[in-house]
Structures are given as C-alpha cells and as structure tokens.
C-alpha cells in the first residue's frame with residue numbers, strides 16, 4: 001500500500017513541479033532559520049555549564065555606594081580573597097586578572113590579549129581538562145605558565161611544549177602544562193595562565209579593582225546565608241585599614257562597600273557591571289530570538305498548509321474519479337497525508353542541510369566578542 005501511495009505522490013509532484021518546489025523550499029528555509037536561531041539560543045543558555053561545579057560557583061562583585069550615587073563593579077580588590085577564606089561555606093577561592101603582553105618564542109613574536117593571571121586554586125574551581133603536564137603544579141611555580149592547546153600549536157607546532165620557555169614582556173616563563181581550549185560558551189577566554197607575582201598580590205580592599213574573584217561553595221552551603229556575613233567581613237578588614245572610628249564615620253557619611261554573589265551561570269545573560277571581564281549578552285534578546293524562531297516556524301507551516309489547501313480545489317476531479325473507481329474516504333485521507341508527510345520530510349532534510357551549510361557564516365556573525373571593555377579606555 002505504501003508503494004502505491006508513493007507512486008501516486010511522486011506522479012503528482014512531477015505533474016506540478018512548481019508547487020512542489022515552492023512548498024518544499026519555503027518550509028526548508030523556515031526550518032533552517034529556526035534551527036540556526038535555536039542553536040544560538042541553546043549556546044547562550046548553556047554558558048559556563050561545562051564546569052563540573054557550575055551550580056556551586058559564584059563571582060563576588062561589589063556595589064560601591066557613594067553619598068550621591070553607586071557603582072557596581074565586577075572586579076574587586078586583591079584583599080577580598082583573604083576574608084573569603086575564613087567562611088566554612090567556601091570550599092575554594094580563586095582570582096583572575098587580565099593582562100595583555102608581547103609573547104616571544106625564538107623568532108615568533110605576538111601581542112597576546114587572552115592572558116590571565118590566576119591563583120593556584122584556579123583548577124579547584126574551574127574545569128579545564130589537562131592535556132599534558134601538571135597544570136596545577138605549574139601555577140605554583142613563580143615562573144610557570146599553562147597554555148591552551150591552541151596556544152601550544154601556535155608557538156610550538158607539533159613539538160612537545162613542556163619544559164620550553166616563552167618570554168612574556170622579555171620575562172621567561174617555563175611551560176609546565178597544557179589544557180584543553182576553553183569552549184566558546186565561557187564568559188572569560190584565555191590562551192595563557194600565569195601565576196600572580198608579588199606586584200599583583202596585596203591586602204588592599206578599597207582600591208585596585210582588577211581582580212575577578214570566584215568562590216566554589218560546598219554543596220550544602222546557602223549562598224544567601226554567606227552573603228549575610230559579608231558586612232561583618234567588610235567591617236573587619238576595612239576597619240582594620242582605616243581604623244574603626246574612621247570606618248564608622250565613613251559609613252555615616254553615606255559610603256559603603258556591599259559585596260554580593262553572582263551565580264556563575266547567570267553572568268553571561270544577567271550581568272552588566274562595570275568592567276565586566278568580557279561583553280555579556282542579555283536574556284531579553286535571547287527570549288526575543290526564541291520567539292522569532294517560533295514565529296518563523298509558524299509562518300512556514302501556515303504557508304505550507306495554505307499552498308496545500310489552495311491546490312486541493314484543483315484535485316476535486318481526481319478525488320471524484322477515484323471515488324467512482326471504489327476508493328474509500330480513509331484511503332484518500334491517507335494518500336493526501338502521505339503526500340504532505342513526504343514533502344515535509346524532504347523539506348526537513350533540505351532545511352537541516354541549509355542550516356549546516358550556513359552554520360560557519362552564522363557562527364562568524366554571532367560569535368562571542370573577545371575584547372574587554374576595561375582595556376578600551
């Protein structure tokens with residue numbers, strides 16, 4: 001029976017190639033557009049989900065309150081990490097600080113933007129699979145550096161990079177590890193991980209907001225309860241810097257430092273603070289694109305049905321003749337449904353093919369920006 005339906009369907013399509021072409025192409029283009037937008041929305045929604053502890057990682061941000069206004073900062077001072085270590089809810093703490101430097105390997109010289117200064121606990125908080133060497137140990141050495149696979153290929157080709165030397169602003173660093181490239185769905189990018197040096201260390205709380213500080217909380221920890229302890233931590237350390245009387249007077253004049261936690265997985269779509277580590281997106285646009293994808297698919301389906309309905313009037317003679325020859329109503333319904341299903345299947349295959357062909361260009365257009373506004377002053 002299916003062979004009979006297929007034969008009749010192919011015969012009808014050959015008799016009306018224009019109808020078949022318009023219907024298939026219209027639905028295929030709609031499906032391709034919908035697929036591309038859905039892929040974009042999926043990537044936006046899964047930012048930073050690749051980290052094993054993603055649901056327990058938070059960034060510590062600062063709401064700096066002045067007597068007449070307030071500024072909400074993504075980075076904080078270098079000393080904040082010392083206070084965070086004191087809380088039992090915190091399993092690990094790490095900091096990131098961005099850097100741009102000239103990197104040299106023999107005759108190869110590049111100006112690199114994706115360099116991070118990090119603490120040794122970086123790998124205790126974030127997931128970065130080791131490809132070669134011991135990346136965690138490399139960060140414990142003052143002159144160690146960890147490369148991504150991309151950077152290792154760029155500077156060393158197929159050569160083993162472990163134990164080799166790279167010059168960062170003419171300062172030698174020995175490659176101690178190689179990690180997998182961070183995915184594009186990460187809110188910060190890097191090709192090189194360098195340990196902090198003495199110039200980057202310190203206990204300052206009130207200035208030098210250059211350190212993106214992250215905590216990995218214990219599974220049973222309550223983030224809201226931890227946040228409630230931050231005012232006491234701030235008073236303890238800032239009061240020690242300025243003197244308690246001076247600190248109380250400073251508060252009374254309308255100043256304050258209010259530290260708070262941002263879930264790692266919310267940063268890309270729900271954070272727009274001063275000096276973000278990279279430009280973020282906005283959840284509103286993601287929801288808007290999802291609605292557009294649904295609208296495009298709906299329009300394509302309606303167009304497909306309208307064309308099928310418009311053609312049905314022209315097939316009245318065929319239906320009448322087949323009824324005279326003994327065809328039942330259920331057989332005619334199955335025949336028309338089979339033809340529609342066949343057209344839909346062809347359009348689906350063509351739509352997936354079009355989406356696959358257009359995907360590289362689409363990625364190039366919507367790929368995440370790598371520039372940091374902090375260095376565009």
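We did not get these values from a lab; they are worked out from the coordinates using the rules stated. No experiment lies behind these values; they were computed from the predicted model shown. Neighbour counts run over all protein chains shown; Cβ positions are idealised from the backbone, glycine included.
Just a few scattered comments:
- Cβ crowding within 10 Å, taken as a proxy for footprinting-reagent exposure, orders 305, 45, 233 from fewest neighbours to most as 305, 45, 233.
- Equivalent-ellipsoid semi-axes for the range 54-270 (Cα gyration tensor, √(5λ), whole Å, largest first): 35, 19, 15.
- Approximating the spin labels as points 7 Å out from Cα along Cα→Cβ, the residue 356-to-residue 252 distance works out to 7.3 nm.
- Annotation for residue 127 and residue 167: the two label points, set 7 Å from Cα along the Cα-Cβ direction, are 3.9 nm apart.
- The ranking of 33, 301 from fewest to most other beta carbons within 10 Å of each one's beta carbon is 301, 33.
- Spacing of the modelled spin labels on residue 349 and residue 109, each 7 Å from Cα toward Cβ, amounts to 5.7 nm.
- Length gained when the stretch residue 68-residue 301 is fully extended (0.36 nm per residue, less Cα-Cα span): 78.3 nm
- Order of 294, 350 - criterion: other Cβ atoms within 10 Å of each residue's Cβ, fewest first: 294, 350
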